[in-house]
1. Between residue 107 and residue 77, with labels modelled 7 Å along Cα→Cβ, what's the label distance in nm to one decimal, could you check?
2. Each residue of the range 36-44 in order: what ³J(HN,Hα) in whole Hz does its phi give by Karplus 6.51 cos²θ - 1.76 cosθ + 1.60, θ = phi - 60°, with x for Gly and Pro?
3. In nm, to one decimal, how far is the residue 125 label point from the residue 20 one, both placed 7 Å along Cα→Cβ?
4. With a sphere of radius 11 Å drawn around the Cβ of residue 123, what net charge do the other residues whose Cβ falls strictly inside it have (Lys, Arg +1; Asp, Glu -1)?
Amino acid sequence: TDPERFQELALMVAQDGAASPELHREVRLARAREHFAAGRYQSAEGLLRPLAEPRDPVDASARLWWGLSLQATGEARAATQAFESIPERAAEVGLAQALLADLNLRAQRPRRAREHAQAALRSDRAVGAIALGVLAAVTELLANSNLGSVFASLNARPFWYGSQLPIF
C-alpha cells in the first residue's frame, strides 16, 4: 500500500461524521496491518488492542492480528490468550490453531502442539497442512541437533575424527 495515500484516506474517514463505526474499525485494522508489515509490531499492537477487546465474532480478525503482533513483540503468553479467544465459528480459527501449535512447540509442549495442529487440520485442511508441515520441520531440526550432540559427545570421537568435530 502507498502509506501517504492510506494516511489521506484515514484522515478523510476520521473527519467524515457520517462514517460508520465499521468503517472506522476497518481503517484502524488496515493501518495496524500496514504497521505490522513494516515491522512496527508495538505500534500495530497498540492500534489493535481496542479492536480486539470486544467479544463479537466480527473481531476475530482483529484478535488474530493482535495475537500476531503480541507474538512478534515476544509476549507469547498474551499471544496465546489472544489466539485462544477467537471463537470456534470464526473463519480465522484454523490459522489461530496453527499459530497456537507453533507457540506450544516453541514452549516445549509437544502434546498441546499436536492437539492444536489437529484442531487446525479439522477446521481448515490447508491451514492444518501448513501447521503439520511446520511441526515436521521443527521436529526434524530437533532430531538433527540431538543426533549431532550424540555424535559430538561420543568417546570414540578423537579416534574417528581427530581434532575435526562433525557439526550438523
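Nothing in this text is a laboratory measurement; each read-out follows from the coordinates by a stated rule. The structure displayed is predicted, hence computed values, not measured ones. In this analysis, Cβ positions are derived from the backbone assuming ideal geometry, glycine residues included, and neighbour counts consider all displayed protein chains.
1. Distance between the two pseudo-spin positions: 0.9 nm.
2. So the J values, rounded to whole Hz, are 5, 5, 7, x, 9, 5, 5, 5, 5.
3. According to this spin-label approximation, the distance is 3.4 nm.
4. On the way: positive: 89, 122, 125; negative: 88, 92, 124.
Net of charged neighbours comes to 0.
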